[in-house]
1. Just want the answer: with Cβ charges of +1 for Lys and Arg and -1 for Asp and Glu, which residue in ASN619, ALA599, VAL583 is farthest toward the dipole's positive end in segment 560-622?
2. Roughly how many whole Å is it from the C-alpha centroid of segment 392-454 to that of segment 482-520?
3. Give the cross-link partners of LYS166 among the lysines, using a straight C-alpha distance below 25 Å as the criterion and excluding same-chain residues fewer than 8 apart.
4. Would you calculate, for the chain, the mean residue ellipticity at 222 nm contributed by helices, counting each DSSP H stretch of 4 or more residues as -39,500 (n - 2.57) and dividing by all residues, to the nearest 500?
5. Which value in nm describes the separation of the simple spin-label points at ARG434 and SER133, placed 7 Å from the Cα toward the beta carbon?
6. For a protection proxy built on the mean count of beta-carbon atoms within 10 angstrom, sort 312-319, 398-405, 93-100 highest first, please.
7. Under the 0.36 nm per residue contour assumption, what length would be gained going from the current alpha-carbon distance of ASN24 and GLN376 to full extension?
8. Using mean Cβ contacts within 10 Å as the protection proxy, how do 249-256, 679-686 order, highest first?
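The values are calculated or read from the model by the stated rules, or taken from the named source; none is laboratory data. Remember, it's a predicted structure, so these values are computed and weren't measured experimentally. Cβ sites come from the backbone with ideal geometry, for glycine too, and all protein chains shown count toward neighbours. Side chains are part of the model used for accessible areas, which takes the heavy atoms of the whole protein and leaves out ligands, DNA and RNA. Shrake-Rupley method; radii C 1.70, N 1.55, O 1.52, S 1.80 Å.
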Amino acid sequence: MVPAPTASSTDRHDQVPCFPETLNWILENQHKDGSWGLPRNPNLLLKDSLSSTLACVLALKRWGVGDQHIHNALGFIGRNSGSLTDSSQQAPIGFDVVFPAMIQTCAQDFDLNLPLNSANLGAMFRNRDSILSSAAHHRSGGRDAFLAYISEGMGNSPDHWETARKFQRKNGSLFNSPSATAAAFMHLRDADSLGYLRSIVDVNSAAVPAIYPNGIQTQLSLIDAIESLGINRLFGEEIEQALDEIYTSWIQGDEEIFLDPTTCSMAFRILRLNRYPVSPEDRFWDDTMEGYLKDEMAVLELHKASNVLYPNESILVHQQSWTNEFLMKSMESSPNSANRTRSRASESISTQVDDVLNYPFKGDLDRLAHRRNIEQYCTDNTRTLKSSFRCSSFGSEDLLKLAAADFNFCQSVHQKELNQLMSWLKEYKLEDMRLAKVKMGYCYFSAAATYYDPELSDARISWAKHSLLTSLIDDFYDIFGTAEEHLNLLELFERWDVNGPRAEFCTEEVKTFYWALHSAICETVENAFAWQGRNVMDHVVELWVDVLRTMLEEAEWSRTNTLPTLDEYMRNGYISFALGPIVLPSLYMVGPQLPDEVAKGPEVHHLFKVMSTCGRLLNDCRSFQREAEEGISNAVSLRMSQGIDTAEEAIEEIKGLIDEQTKELLRMVLDERNTSAVPKECRELFWKMNKVLHMVYKKEDTYNSTKLVQIAESVIKEPISLSVMDSRVI
């Protein structure tokens, strides 16, 4: 549509096109049905095709060429005009403003009557007028931005173009949109807009993309897909190289990142999770931008970014709140019924929205997310903004097949490990002890669902065995054992000898626990030696002695009806929660060298204390009612004894503390400033356990949850069907 800027006459009949090659592209790329736009399945993207087709008609009429093309296009528009006012049809962003504006141009500039009935025309113009009237009466930065973004539909209003000029980027564009920038140039005639348009044609020849440039978002989308499918360990070097480049663009304030909410949100989230020092203070959007954010994908990415937050990041807290509300309303009002015509890509976005609302970041185990993402992965690489476009980094069939095959391979390793663990249960006479077989399945699931790499077998086995034993022994101290048995088991480990006990067993149950725990400790120490080249026996035994002492202390409180203070309870409780023997020995078997001074140092202890405090408080909030009925004190009842009136108030206060501790743990684990002496692979285990805790205590404090059985089996037992994946890809 853009005329050559050298034309001396303002009469369009005396002008020539500035970009004749793009006009030729239109003439050469009309579909057989008379339309332009992406090839589509029947009834999909009809509004997009109608918009693209009418735009091409205007271009051909503008330059007086392609009469037969126009005739064919008008036939297509007439046959599908009923879709224009069909609310069940997916519409491009701004369609309700831009399409009526193109109709007006046809009538006023070209005296072209379109094959549209008056009822449809009236409905469309009333809707357009309502949108523009609302925007005029509720001015905001977001609404101004949205109207500038759809400048193609804003006509000749001088006020609009002066406002739109404020959104021009350094590259001369409006929002990296060729169509909006072309419209702006025809009204403002500025050199920067023209320079941007010329750069597009120089790079892309005759076919102009819907967005330009979009290289950073394309890279981020590919990295996000690889990570969300669980195959990022296979592309470590490539991801690091790409993120180094993106981070350089971030610190340089690249407009391609910072002036687009989707790109900025993805960059922030992915860079932060990969330990690059980025701050939300650099640039983020609030709810005043809602008028611009008609793109559900943009709000989704803003919400996902807001979940990766540290303490005192009020910008992200606010962003999390308004985007959560926006997405909740979107899901409630989204016409997902059978009569809704939606592309697979659009359905995929709705599925992602449902996922982030139902599976919070802090409680979504990696392998569960990977499986959902594989099963829901959309191989349709079409996206719709103001028009539909395709990008090779979206919907890669090769990535999908690789991810499914890798998931099944890892699962086959996990199944062998679980069989080994069940044999160990039988060998050490634990299989009939208080749901031990069921609990072992859950304990191993928590390891396999968080660090699933085949080479980390030693760490998973250690995690699962010690996790089971802490659960069984906790019940032994809380419910079943006697004071004599409790003290006997502690003394056996206080007087540890790798060759066997230095004291008598007072009961068979103590004997069973001793030899099972002796076996687990010795195996863990032997495997840790293979990774670290030194003996860590003293450390592992010390962890168990600490746990047994604190469990004994709590058993004594119960036996003597002693009511500890909340401080006493928490000092004891974060250790008695018994995550130490599960997580800390595993640190030795995830790869890096971990010197004694680091493994036993203050930083590891702080990570452990924050993680364990979260776990203890999550447990107490969930189990308060049951424990109150049994006469057992926990953090909720003790807080109430300090003056809180109701359990609900105490629980709400404790949940606030859990939230802050979780943010602090994430900050320490990611360690963007590279100040930690603890290797990142080791720090990650604390966050992985924190996710397990949030997932387990999300609904109920029980090992008998049917849902938990189902999700455990989805990770360990049920392979992803490659035949189903192949048929879906085809």
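1. It is ASN619.
2. After rounding, the separation between the Cα centres reads 30 Å.
3. Those lysines meeting the cut-off are LYS294, LYS386.
4. Details: 32 runs with 458 residues, N = 730.
For the chain, the value works out to -20500 deg cm²/dmol.
5. 7.1
6. The peptides rank, most packed first, as 93-100, 398-405, 312-319.
7. Working: separation 352, 0.36 × 352 = 126.72 nm, distance 3.99 nm.
Result for the pair: 122.7 nm of gain on full extension.
8. Going from most to least packed, we get 679-686, 249-256.
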